[in-house]
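Taken together, the values in this text are just the output of simple stated rules run on the coordinates, not laboratory data. Just so you know, these numbers come straight off a predicted model, no measurement behind them. Using ideal geometry, Cβ is built from the backbone for each residue, glycine included, and neighbour counts are taken over all protein chains shown.
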């Protein structure tokens, strides 16, 4: 099993990446899709991909959502916490909250947390609404 770092996903999803690196990323993912190799990555890579695409490539919220949905749909790659990330992305799509806060919300809900302590009023309201 091989771990895939953020830069491979950035190259895969960016039209501005170096052609050679983009080609290598596509080749690697094609091999995984054909089950020639096994790949995995983690939650931090998901957030790094988000941050790089938002800050370096100035992607809009809708573009970021599309990229992250595509990332999560790469079912030939094992992604740590895929279900939590998918639900967090759905919340991010529906609400004007930071993606990180949506992740914290979903993570805590799946951990059977009894209360969510935050100074963020929008996040606290969403928590309360989700508990109703």
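By per-residue mean of other Cβ atoms within 10 Å, what is the highest-first order of 15-24, 48-57?
Output ranking for 15-24, 48-57: 48-57, 15-24.
Sort the following peptides by mean Cβ neighbour count (other Cβ atoms within 10 Å, averaged over residues), highest first: 101-112, 3-14, 28-39. Write out the running numbers ahead of the final one.
Details: 101-112: 16.8, 3-14: 18.9, 28-39: 14.0.
Ranking, from highest mean packing down: 3-14, 101-112, 28-39.
When the chain is treated as a GNM, springs tying every alpha-carbon pair under 10 Å, which of 92, 116, 76 comes out with the largest mean-square fluctuation?
Judging by the Gaussian network model, the answer is 116.
To test your reading of the geometry: what angle, between 0 and 90 degrees and rounded to tens, separates the Cα axis of helix 61-72 from the longest principal axis of the chain?
70 degrees
Expressed as an acute angle from 0 to 90° and rounded to the nearest 10, what is the orientation of the C-alpha long axis of helix 19-33 relative to the principal long axis of the chain?
Helix 19-33 and the main axis of the chain meet at about 80 degrees.
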